[in-house]
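Structure record follows, encoded as C-alpha coordinates.
The values are calculated or read from the model by the stated rules, or taken from the named source; none is laboratory data. The structure displayed is predicted, hence computed values, not measured ones. Here the Cβ positions follow ideal geometry from the backbone for every residue, glycine too, while neighbour counts run over all protein chains shown. In case anyone asks, the SASA skips ligands and DNA or RNA and just uses the protein heavy atoms, side chains included. Shrake-Rupley method; radii C 1.70, N 1.55, O 1.52, S 1.80 Å.
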Amino acid sequence: MLEIRRESAEVRVGIIGSGFIARIHARASRQAGARLAAVADVDEEAALQAGRRFGAERAFGSADALIESGLVDVVHVCTPNHLHAPLALKAIEAGLAVICEKPLATDAPTAVLMAGRAREAGLVAAVPFAYRFHAMVREARARLADLGRVSLIQGSYLQDWLLKSSDDNWRVDPEKGGPGRTIGDIGSHWFDLIEFVTGDRITKLCAQTSVVVADRVHSGPVLTEDLATVQFATASGALGSVAVSQVAPGRKNRLFFEISGASGSFAFDQESPEQLWLGGREGSQLLVRDPMTLSEAAAPYSPLPAGHPQGFHDCFDAFVADTYATISGEHREGLPTFEDGARAALLTDAALRSAREGGWVTC
Ligand code: SOE
(Lines give C-alpha, C1' and ligand atoms only; values in the text may rest on other atoms or scores of the structure.)
Protein backbone atom coordinates (compact mmCIF):
# COMPACT_ATOMS: atom_id res chain seq x y z
CA MET A 1 0.00 0.00 0.00
CA LEU A 2 1.27 3.50 -0.82
CA GLU A 3 0.48 6.48 1.32
CA ILE A 4 -0.80 9.54 -0.54
CA ARG A 5 0.65 12.68 1.00
CA ARG A 6 -1.06 15.99 0.40
CA GLU A 7 1.23 18.72 -0.93
CA SER A 8 -0.44 21.53 0.96
CA ALA A 9 -2.58 21.75 4.06
CA GLU A 10 -6.28 21.26 3.41
CA VAL A 11 -8.35 24.41 3.37
CA ARG A 12 -11.14 24.15 5.96
CA VAL A 13 -14.35 25.52 4.51
CA GLY A 14 -17.46 26.95 6.16
CA ILE A 15 -20.56 27.63 4.09
CA ILE A 16 -23.23 30.06 5.26
CA GLY A 17 -26.54 29.37 3.56
CA SER A 18 -28.29 26.22 2.44
CA GLY A 19 -29.97 27.03 -0.87
CA PHE A 20 -29.13 26.35 -4.52
CA ILE A 21 -25.97 28.43 -4.69
CA ALA A 22 -24.69 27.08 -1.35
CA ARG A 23 -24.90 23.60 -2.87
CA ILE A 24 -22.86 24.71 -5.87
CA HIS A 25 -20.21 26.21 -3.54
CA ALA A 26 -20.14 23.04 -1.41
CA ARG A 27 -19.68 20.81 -4.43
CA ALA A 28 -16.92 23.02 -5.81
CA SER A 29 -15.10 23.06 -2.46
CA ARG A 30 -15.07 19.26 -2.28
CA GLN A 31 -14.01 19.09 -5.91
CA ALA A 32 -11.05 21.34 -5.03
CA GLY A 33 -9.97 18.89 -2.33
CA ALA A 34 -10.95 21.12 0.58
CA ARG A 35 -12.44 19.92 3.85
CA LEU A 36 -16.07 20.95 4.21
CA ALA A 37 -15.87 21.63 7.92
CA ALA A 38 -19.22 23.31 8.54
CA VAL A 39 -22.48 24.66 7.18
CA ALA A 40 -24.62 27.32 8.86
CA ASP A 41 -28.18 28.50 8.40
CA VAL A 42 -30.43 30.54 10.71
CA ASP A 43 -32.83 27.62 10.45
CA GLU A 44 -31.03 24.88 12.38
CA GLU A 45 -32.99 22.09 10.69
CA ALA A 46 -32.12 23.50 7.25
CA ALA A 47 -28.47 23.67 8.33
CA LEU A 48 -28.55 20.05 9.44
CA GLN A 49 -30.17 18.86 6.23
CA ALA A 50 -27.80 20.88 4.08
CA GLY A 51 -24.87 19.59 6.11
CA ARG A 52 -25.94 16.02 5.33
CA ARG A 53 -26.60 16.74 1.66
CA PHE A 54 -23.32 18.61 1.18
CA GLY A 55 -21.29 16.12 3.20
CA ALA A 56 -20.21 18.68 5.83
CA GLU A 57 -18.73 17.69 9.18
CA ARG A 58 -20.83 20.06 11.32
CA ALA A 59 -23.94 22.20 11.13
CA PHE A 60 -24.53 25.51 12.93
CA GLY A 61 -27.83 27.32 13.51
CA SER A 62 -25.98 30.64 13.44
CA ALA A 63 -23.51 32.21 11.01
CA ASP A 64 -21.69 33.96 13.86
CA ALA A 65 -21.11 30.64 15.60
CA LEU A 66 -19.56 29.23 12.42
CA ILE A 67 -17.32 32.28 11.96
CA GLU A 68 -16.18 32.17 15.59
CA SER A 69 -15.79 28.38 15.75
CA GLY A 70 -12.08 28.29 14.91
CA LEU A 71 -12.92 25.36 12.62
CA VAL A 72 -12.70 27.13 9.26
CA ASP A 73 -10.10 29.01 7.20
CA VAL A 74 -12.47 30.35 4.58
CA VAL A 75 -16.12 31.37 4.78
CA HIS A 76 -18.47 31.22 1.78
CA VAL A 77 -21.32 33.73 2.19
CA CYS A 78 -24.28 32.28 0.24
CA THR A 79 -27.17 34.15 1.85
CA PRO A 80 -29.70 36.72 0.59
CA ASN A 81 -28.01 39.99 -0.43
CA HIS A 82 -28.70 42.04 2.72
CA LEU A 83 -26.55 39.66 4.79
CA HIS A 84 -23.52 39.69 2.47
CA ALA A 85 -21.86 42.77 3.96
CA PRO A 86 -22.35 42.07 7.70
CA LEU A 87 -21.25 38.44 7.41
CA ALA A 88 -18.28 39.05 5.10
CA LEU A 89 -17.08 41.90 7.33
CA LYS A 90 -17.39 39.68 10.39
CA ALA A 91 -15.37 36.93 8.69
CA ILE A 92 -12.67 39.44 7.72
CA GLU A 93 -12.58 40.73 11.29
CA ALA A 94 -12.05 37.15 12.44
CA GLY A 95 -9.06 36.90 10.07
CA LEU A 96 -10.73 34.50 7.66
CA ALA A 97 -10.57 34.41 3.88
CA VAL A 98 -13.99 35.02 2.27
CA ILE A 99 -15.91 34.11 -0.82
CA CYS A 100 -18.99 36.33 -0.88
CA GLU A 101 -21.83 36.03 -3.37
CA LYS A 102 -22.65 38.98 -5.59
CA PRO A 103 -23.84 41.67 -5.27
CA LEU A 104 -21.19 42.19 -2.62
CA ALA A 105 -23.47 44.67 -0.85
CA THR A 106 -26.81 46.31 -1.53
CA ASP A 107 -25.07 49.68 -2.07
CA ALA A 108 -21.73 50.65 -3.57
CA PRO A 109 -20.19 52.53 -0.60
CA THR A 110 -20.55 49.40 1.56
CA ALA A 111 -19.02 47.23 -1.17
CA VAL A 112 -16.08 49.64 -1.45
CA LEU A 113 -15.66 49.51 2.34
CA MET A 114 -15.60 45.70 2.23
CA ALA A 115 -12.92 45.68 -0.46
CA GLY A 116 -10.87 48.12 1.64
CA ARG A 117 -11.18 45.99 4.80
CA ALA A 118 -10.10 42.82 2.95
CA ARG A 119 -7.13 44.67 1.43
CA GLU A 120 -6.03 46.13 4.78
CA ALA A 121 -6.31 42.73 6.45
CA GLY A 122 -4.32 41.11 3.63
CA LEU A 123 -6.97 38.42 3.24
CA VAL A 124 -8.10 36.66 0.07
CA ALA A 125 -11.62 37.89 -0.64
CA ALA A 126 -13.30 36.70 -3.83
CA VAL A 127 -16.65 37.16 -5.57
CA PRO A 128 -18.08 34.39 -7.77
CA PHE A 129 -18.14 36.12 -11.12
CA ALA A 130 -17.93 32.54 -12.27
CA TYR A 131 -18.57 33.16 -15.97
CA ARG A 132 -14.99 34.46 -16.16
CA PHE A 133 -13.98 30.81 -15.85
CA HIS A 134 -15.54 29.55 -19.08
CA ALA A 135 -12.62 28.45 -21.24
CA MET A 136 -13.97 30.33 -24.27
CA VAL A 137 -14.24 33.55 -22.25
CA ARG A 138 -10.54 33.18 -21.41
CA GLU A 139 -9.89 32.47 -25.08
CA ALA A 140 -11.67 35.67 -26.13
CA ARG A 141 -9.66 37.62 -23.56
CA ALA A 142 -6.39 36.11 -24.78
CA ARG A 143 -7.23 36.96 -28.40
CA LEU A 144 -8.52 40.48 -27.78
CA ALA A 145 -5.70 42.08 -29.77
CA ASP A 146 -6.99 40.25 -32.91
CA LEU A 147 -10.00 42.58 -32.93
CA GLY A 148 -7.97 45.75 -33.38
CA ARG A 149 -9.46 48.87 -31.87
CA VAL A 150 -12.76 47.94 -30.20
CA SER A 151 -15.66 50.12 -31.37
CA LEU A 152 -18.78 48.40 -30.06
CA ILE A 153 -19.63 46.19 -27.07
CA GLN A 154 -23.19 44.93 -26.82
CA GLY A 155 -25.30 42.11 -25.54
CA SER A 156 -27.86 40.99 -23.05
CA TYR A 157 -28.50 38.84 -20.04
CA LEU A 158 -31.99 37.39 -20.19
CA GLN A 159 -33.93 35.06 -17.91
CA ASP A 160 -37.61 34.21 -17.52
CA TRP A 161 -37.87 32.72 -14.04
CA LEU A 162 -39.72 35.80 -12.66
CA LEU A 163 -42.10 36.17 -15.62
CA LYS A 164 -45.35 35.28 -13.88
CA SER A 165 -47.00 37.09 -11.00
CA SER A 166 -46.96 33.75 -9.14
CA ASP A 167 -43.14 33.68 -9.46
CA ASP A 168 -41.46 35.05 -6.39
CA ASN A 169 -38.17 35.14 -4.58
CA TRP A 170 -36.41 37.03 -1.79
CA ARG A 171 -34.58 39.02 -4.51
CA VAL A 172 -37.85 40.86 -5.26
CA ASP A 173 -38.04 42.16 -1.67
CA PRO A 174 -35.90 45.33 -1.32
CA GLU A 175 -35.30 44.53 2.36
CA LYS A 176 -33.45 41.37 1.40
CA GLY A 177 -32.42 41.92 -2.21
CA GLY A 178 -31.60 45.63 -2.04
CA PRO A 179 -33.05 48.66 -3.85
CA GLY A 180 -32.38 47.15 -7.28
CA ARG A 181 -32.69 43.60 -8.53
CA THR A 182 -32.04 42.59 -12.13
CA ILE A 183 -29.09 44.93 -12.66
CA GLY A 184 -27.31 43.79 -9.47
CA ASP A 185 -28.29 40.14 -9.73
CA ILE A 186 -27.38 39.47 -13.36
CA GLY A 187 -26.31 42.77 -14.95
CA SER A 188 -23.34 42.72 -12.55
CA HIS A 189 -22.11 39.50 -14.21
CA TRP A 190 -22.37 41.10 -17.66
CA PHE A 191 -20.52 44.28 -16.67
CA ASP A 192 -17.83 42.28 -14.93
CA LEU A 193 -17.36 39.99 -17.90
CA ILE A 194 -17.12 42.83 -20.39
CA GLU A 195 -14.54 44.73 -18.38
CA PHE A 196 -12.64 41.48 -17.74
CA VAL A 197 -12.49 40.44 -21.39
CA THR A 198 -11.72 43.88 -22.84
CA GLY A 199 -9.60 45.26 -20.01
CA ASP A 200 -11.50 48.47 -20.72
CA ARG A 201 -13.67 50.43 -18.27
CA ILE A 202 -17.16 51.82 -18.56
CA THR A 203 -16.81 55.55 -17.86
CA LYS A 204 -20.39 56.73 -18.26
CA LEU A 205 -23.79 55.18 -18.68
CA CYS A 206 -27.43 55.96 -19.17
CA ALA A 207 -30.05 53.46 -17.99
CA GLN A 208 -33.77 52.87 -18.04
CA THR A 209 -35.58 50.36 -15.87
CA SER A 210 -39.03 48.84 -15.95
CA VAL A 211 -41.25 46.92 -13.57
CA VAL A 212 -43.24 44.61 -15.84
CA VAL A 213 -44.99 42.44 -13.24
CA ALA A 214 -46.39 45.18 -11.01
CA ASP A 215 -47.84 42.84 -8.40
CA ARG A 216 -46.62 39.45 -7.28
CA VAL A 217 -49.06 37.01 -5.69
CA HIS A 218 -47.03 36.47 -2.52
CA SER A 219 -45.06 39.67 -2.03
CA GLY A 220 -47.50 42.27 -3.43
CA PRO A 221 -46.46 45.47 -5.26
CA VAL A 222 -43.06 45.18 -6.92
CA LEU A 223 -40.53 47.98 -6.35
CA THR A 224 -37.43 46.51 -8.02
CA GLU A 225 -36.75 46.42 -11.75
CA ASP A 226 -37.70 43.37 -13.85
CA LEU A 227 -35.65 44.66 -16.75
CA ALA A 228 -33.24 47.39 -17.72
CA THR A 229 -31.48 48.74 -20.75
CA VAL A 230 -28.14 50.47 -20.36
CA GLN A 231 -26.16 52.49 -22.89
CA PHE A 232 -22.52 53.20 -22.10
CA ALA A 233 -19.17 54.48 -23.26
CA THR A 234 -15.74 53.16 -22.27
CA ALA A 235 -12.39 54.74 -21.45
CA SER A 236 -10.96 53.64 -24.81
CA GLY A 237 -13.85 55.29 -26.67
CA ALA A 238 -15.96 52.22 -27.47
CA LEU A 239 -19.74 52.51 -27.27
CA GLY A 240 -22.03 49.84 -25.90
CA SER A 241 -25.43 48.71 -24.79
CA VAL A 242 -26.93 45.88 -22.80
CA ALA A 243 -30.43 44.65 -22.00
CA VAL A 244 -31.03 42.64 -18.83
CA SER A 245 -34.32 41.00 -17.98
CA GLN A 246 -35.77 38.40 -15.64
CA VAL A 247 -39.05 38.37 -17.55
CA ALA A 248 -37.93 37.41 -21.10
CA PRO A 249 -39.99 34.33 -22.09
CA GLY A 250 -37.89 31.41 -23.27
CA ARG A 251 -34.58 32.77 -22.10
CA LYS A 252 -33.29 30.87 -19.08
CA ASN A 253 -29.83 32.18 -18.34
CA ARG A 254 -28.69 33.71 -21.60
CA LEU A 255 -25.72 35.92 -20.96
CA PHE A 256 -24.57 37.05 -24.41
CA PHE A 257 -21.93 39.54 -25.51
CA GLU A 258 -20.52 40.63 -28.82
CA ILE A 259 -17.44 42.79 -29.18
CA SER A 260 -16.64 44.40 -32.52
CA GLY A 261 -13.31 45.91 -33.46
CA ALA A 262 -11.53 47.28 -36.51
CA SER A 263 -10.45 43.85 -37.71
CA GLY A 264 -12.81 41.32 -36.17
CA SER A 265 -15.60 40.48 -33.75
CA PHE A 266 -16.19 37.97 -30.97
CA ALA A 267 -19.51 36.65 -29.71
CA PHE A 268 -20.07 34.43 -26.68
CA ASP A 269 -23.27 32.91 -25.31
CA GLN A 270 -23.13 31.48 -21.78
CA GLU A 271 -25.73 28.85 -22.73
CA SER A 272 -23.45 27.53 -25.50
CA PRO A 273 -20.14 27.94 -23.68
CA GLU A 274 -18.23 25.46 -25.83
CA GLN A 275 -18.11 27.96 -28.69
CA LEU A 276 -16.71 31.36 -29.50
CA TRP A 277 -17.83 33.10 -32.68
CA LEU A 278 -14.99 34.82 -34.50
CA GLY A 279 -16.46 37.33 -36.94
CA GLY A 280 -14.50 38.61 -39.93
CA ARG A 281 -15.31 40.59 -43.04
CA GLU A 282 -13.83 37.92 -45.32
CA GLY A 283 -15.34 35.06 -43.39
CA SER A 284 -16.35 34.03 -39.91
CA GLN A 285 -15.79 30.88 -37.91
CA LEU A 286 -17.00 29.07 -34.82
CA LEU A 287 -14.11 28.19 -32.61
CA VAL A 288 -14.94 25.06 -30.61
CA ARG A 289 -13.36 24.42 -27.22
CA ASP A 290 -10.44 22.02 -27.57
CA PRO A 291 -7.62 21.93 -25.01
CA MET A 292 -5.26 20.84 -27.82
CA THR A 293 -5.67 24.15 -29.64
CA LEU A 294 -6.67 26.69 -27.00
CA SER A 295 -4.37 29.49 -25.90
CA GLU A 296 -2.24 29.03 -22.79
CA ALA A 297 -4.59 31.29 -20.84
CA ALA A 298 -7.68 29.20 -21.66
CA ALA A 299 -6.21 25.68 -21.51
CA PRO A 300 -6.22 25.42 -17.67
CA TYR A 301 -9.98 26.06 -17.76
CA SER A 302 -10.52 23.23 -20.20
CA PRO A 303 -10.10 20.08 -18.09
CA LEU A 304 -12.26 17.89 -20.35
CA PRO A 305 -11.24 16.77 -23.84
CA ALA A 306 -12.98 18.40 -26.82
CA GLY A 307 -16.50 17.17 -27.44
CA HIS A 308 -17.15 16.47 -23.75
CA PRO A 309 -19.26 19.52 -22.91
CA GLN A 310 -18.25 21.69 -19.98
CA GLY A 311 -20.64 24.06 -18.26
CA PHE A 312 -21.66 26.00 -15.19
CA HIS A 313 -20.28 23.49 -12.66
CA ASP A 314 -16.91 23.51 -14.37
CA CYS A 315 -16.53 27.27 -14.27
CA PHE A 316 -17.72 27.44 -10.67
CA ASP A 317 -15.34 24.65 -9.67
CA ALA A 318 -12.48 26.50 -11.34
CA PHE A 319 -13.37 29.73 -9.56
CA VAL A 320 -13.35 28.02 -6.14
CA ALA A 321 -10.15 26.07 -6.91
CA ASP A 322 -8.40 29.30 -7.96
CA THR A 323 -9.57 31.04 -4.78
CA TYR A 324 -8.17 28.26 -2.59
CA ALA A 325 -4.91 28.22 -4.58
CA THR A 326 -4.65 31.97 -3.94
CA ILE A 327 -5.25 31.36 -0.22
CA SER A 328 -2.36 28.89 -0.36
CA GLY A 329 -0.13 31.64 -1.75
CA GLU A 330 -0.26 30.85 -5.47
CA HIS A 331 -1.10 33.41 -8.15
CA ARG A 332 -4.17 32.84 -10.30
CA GLU A 333 -4.77 35.21 -13.17
CA GLY A 334 -8.21 36.75 -13.32
CA LEU A 335 -9.53 35.83 -9.88
CA PRO A 336 -12.54 38.12 -9.24
CA THR A 337 -11.85 39.84 -5.94
CA PHE A 338 -13.80 42.16 -3.66
CA GLU A 339 -12.31 45.02 -5.73
CA ASP A 340 -14.19 43.60 -8.73
CA GLY A 341 -17.30 43.13 -6.60
CA ALA A 342 -17.08 46.78 -5.53
CA ARG A 343 -16.59 47.83 -9.16
CA ALA A 344 -19.77 45.95 -10.18
CA ALA A 345 -21.64 47.54 -7.26
CA LEU A 346 -20.53 51.00 -8.43
CA LEU A 347 -21.82 50.31 -11.94
CA THR A 348 -25.07 48.94 -10.52
CA ASP A 349 -25.57 52.03 -8.35
CA ALA A 350 -24.76 54.28 -11.32
CA ALA A 351 -27.34 52.49 -13.49
CA LEU A 352 -30.03 52.70 -10.80
CA ARG A 353 -29.29 56.40 -10.26
CA SER A 354 -29.38 57.11 -13.99
CA ALA A 355 -32.74 55.35 -14.30
CA ARG A 356 -34.13 57.21 -11.30
CA GLU A 357 -32.88 60.70 -12.14
CA GLY A 358 -32.66 60.44 -15.93
CA GLY A 359 -29.57 61.16 -18.02
CA TRP A 360 -25.96 60.09 -18.06
CA VAL A 361 -23.94 59.22 -14.97
CA THR A 362 -20.14 59.00 -14.85
CA CYS A 363 -18.66 55.92 -13.26
C1 SOE B 1 -30.64 34.14 -10.51
O2 SOE B 1 -30.92 35.25 -11.30
C3 SOE B 1 -29.20 33.65 -10.71
O4 SOE B 1 -29.07 32.48 -9.94
C5 SOE B 1 -28.16 34.68 -10.26
O6 SOE B 1 -28.31 35.04 -8.91
C7 SOE B 1 -26.78 34.12 -10.53
O8 SOE B 1 -25.77 35.03 -10.15
C9 SOE B 1 -26.66 33.80 -12.02
O10 SOE B 1 -25.40 33.21 -12.25
C11 SOE B 1 -27.74 32.87 -12.46
O12 SOE B 1 -29.01 33.38 -12.09
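For residue 40, what residues show an amide H to amide H distance below 5 Å, using hydrogens built from the backbone and excluding near sequence neighbours?
15, 16, 17, 60
Positive end of the dipole of the chain, charges at C-beta (+1 Lys, Arg; -1 Asp, Glu), about the Cα centre: which of 108, 202, 267 has its Cα farthest in that direction?
Going by the charge dipole, the pick is 267.
In whole Hz and in residue order, list the ³J(HN,Hα) couplings for the stretch 78-94 that follow from phi through the Karplus curve 6.51 cos²θ - 1.76 cosθ + 1.60, θ = phi - 60°; x for Gly and Pro.
So the Karplus estimates, Gly and Pro as x, are 10, 10, x, 3, 5, 9, 4, 5, x, 6, 5, 5, 5, 5, 5, 4, 7 Hz.
Let's test the formula: R0 of 41 Å, r as the Cβ-Cβ distance of residue 262 and residue 353. What FRET efficiency results, to the nearest 0.05?
Approximately 0.80, to the nearest 0.05.
How much area per residue is accessible in the chain when the probe is 1.4 Å and only protein heavy atoms are counted (Å²)?
44
What does the extension gain come out to for residue 82 and residue 236, with contour length at 0.36 nm per residue minus their alpha carbon separation?
Length difference between fully extended and current span is 52.0 nm.
Between residue 151 and residues 5 or more places away or on another chain, which pairs have amide H atoms under 5 Å apart, with H built 1.01 Å from N, and which residues are they?
It is 260, 261, 262, by chain and number.
In what sequence, highest mean first, do 140-147, 42-49 appear when ranked by Cβ atoms within 10 angstrom?
Output ranking for 140-147, 42-49: 140-147, 42-49.
For every helix of n ≥ 4 consecutive DSSP H residues, a contribution of -39,500 (n - 2.57) applies; sum these over the chain, divide by its total residues, and give [θ] at 222 nm rounded to the nearest 500 deg cm²/dmol.
Computed mean residue ellipticity for the chain: -9500 deg cm²/dmol.
With θ set to phi - 60° and the Karplus curve 6.51 cos²θ - 1.76 cosθ + 1.60, what are the ³J(HN,Hα) couplings of the stretch 167-173 in order, to the nearest whole Hz, using x for Gly and Pro?
Each residue's phi maps through the Karplus curve to give 7, 8, 5, 4, 4, 6, 7 Hz.
Would you mind calculating the relative contact order of the stretch 148-260 from Cα pairs under 8 angstrom and at least 6 residues apart, reporting the percent as a whole number?
46
Can you tell which of 72, 133, 313 lies farthest toward the positive end of the dipole of the chain, using +1 and -1 charges on the Cβ of basic and acidic side chains (Lys, Arg; Asp, Glu)?
So the residue we want is 133.
For the chain, calculate the relative contact order in percent as a whole number, restricting contacts to Cα pairs under 8 Å that are 6 or more residues apart.
About 20 percent, as a whole number.
Nearest 20 debye, what's the magnitude of the dipole of the stretch 12-130 about its Cα centre given +1 on Lys and Arg Cβ and -1 on Asp and Glu Cβ?
The calculation lands at about 500 debye.
Dipole size in debye (nearest 20) for the chain around its Cα centre, Lys and Arg Cβ +1, Asp and Glu Cβ -1?
Roughly 300 debye for the chain.
Which order do the peptides 168-178, 240-250 take when ranked by the mean count of other beta-carbon atoms within 10 Å per residue, highest first?
By packing density, highest mean first, the sequence is 240-250, 168-178.
Sort the following peptides by mean Cβ neighbour count (other Cβ atoms within 10 Å, averaged over residues), highest first: 332-340, 14-22.
Per-residue Cβ counts within 10 Å, averaged per peptide and sorted highest first, yield 14-22, 332-340.
Is the stretch 12-130 rounded, prolate or oblate when judged by the Cα gyration tensor, a ≥ b ≥ c being the square roots of its eigenvalues, rounded requiring a/c under 1.5 and prolate requiring a/b larger than b/c?
Since a/c reaches 1.5 and a/b is larger than b/c, the shape of the stretch 12-130 is classed as prolate.
Accessible area of the chain with a 1.4 Å probe: how many percent of it is carbon plus sulfur?
The value for the chain is 51 percent carbon and sulfur by accessible area.
Which whole-number percentage describes the relative contact order of the stretch 12-130, with Cα contacts under 8 Å and a sequence gap of 6 or more?
Once normalised by length, the contact order is 22 percent.
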